1. Run down the aspartates and glutamates and flag those whose C-alpha is under 16 Å from the C-alpha of K181, throwing out any fewer than 8 positions away in its chain.
2. To the nearest 10 square angstrom, what accessible area does T241 show with a 1.4 Å probe?
3. For F164, F184, what's the largest-to-smallest order of accessible area, 1.4 Å probe?
4. Using a 1.4 Å probe, how large is the accessible area of K253, given in Å² and rounded to the nearest 10?
5. Would you mind computing, in nm to one decimal, how far apart the modelled labels at A204 and R95 are, each placed 7 Å from Cα along Cα→Cβ?
6. Can you give the accessible area per residue of region 44-267, in Å², using a 1.4 Å probe?
7. Determine the share of region 44-267's accessible area contributed by carbon and sulfur atoms, expressed in whole percent, with a 1.4 angstrom probe.
8. By what distance, in whole Å, do the Cα atoms of region 44-267 stretch along each of the three principal axes, largest value first?
Amino acid sequence: MMNRTEQNLRRRLRRLCLLCLAPPAALAGIVLFAAGCMADRVIFQPPGGTPAVPGTTMLEVAAGLSVAVLYLPPPEGGYVLLYSHGNAEDLGSVRYRIRQYAERGYGVAAYDYEGYGQSGGEPSEAAACRDIERVWRYLVEERGVPPESIVIYGRSVGSGPSCFLAEKVPARALVLEAPFKSTFSVVGMGWLPFDRFRNIDRVAKINLPLLIIHGTRDTVVPYSHGEALFEAAAGPKRLYTVEGGGHNNLLFKAGERYWETLREFLASPERKE
């Protein structure tokens, strides 16, 4: 489960954005620049203190810099979920979810962003995009997983790097759980120049089949974000609404219906709704 840092993301972003609006016009540019430099620190909140996960592999993303990935191969002919976790999660805290995917017959390649868990470096939008692209190459080039067997799956902030990757590479499908239009649009300030992960712009260019899963009582990323992304998406798409679902409990709130929806979608993702 996620810690309360993720729950406070809206409040943190609003404080940062208001900081840009307070000074006189002569200082606005300086403040905007400083706030832009701080944006990644506000968005990414590694939980810390989570025990290392056995079985992880360290992938080099740059000279002297590696990220941790946990790969569980699929059964013969099965799909691999390239899983990008939420803001205040890491591999240690999402092991319960990884285990459930494996028990349901899916392979999983879950990784920690730079600055999370065992991964080195500092988290940022650019770093997260570099990380997910490296994991995709690891699956295809080193593990021999066909691109058509890879399902790009992003939860919450993980929807950002997932949309980035889905615009660039072939895959079976893209699944977004509790996604946002962009990080700062969560607090109504997506117009700011240092906004991050503009998913709303990317989905219109993504041709992969898309499944969006969102709860109607999400108080971190409002359900309207999932609706907006669904409307903007260009390719075959489905929106699975979890009535009464929040931000962190969709897997439990939906229950068996979640697994049925995922299975049906991957079996026939080309259908457009």
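The values are calculated or read from the model by the stated rules, or taken from the named source; none is laboratory data. Since the model is a prediction, treat every value here as computed from it, not as a measurement. With ideal geometry, Cβ positions are generated from the backbone for all residues, glycine too; neighbour counts draw on all protein chains shown. The protein model used for the area step is the full one, side chains on, heavy atoms only, and it has no ligands, DNA or RNA in it. Shrake-Rupley method; radii C 1.70, N 1.55, O 1.52, S 1.80 Å.
1. E125, E167, D195, D201, D218, E227, E231
2. Here the accessible area works out near 40 Å².
3. Largest to smallest exposure gives the sequence F164, F184.
4. 110
5. Rounded to a tenth, the inter-label distance reads 4.4 nm.
6. 36
7. 48
8. For region 44-267, the Cα extents along the three principal axes come out at 41, 39, 32 Å.
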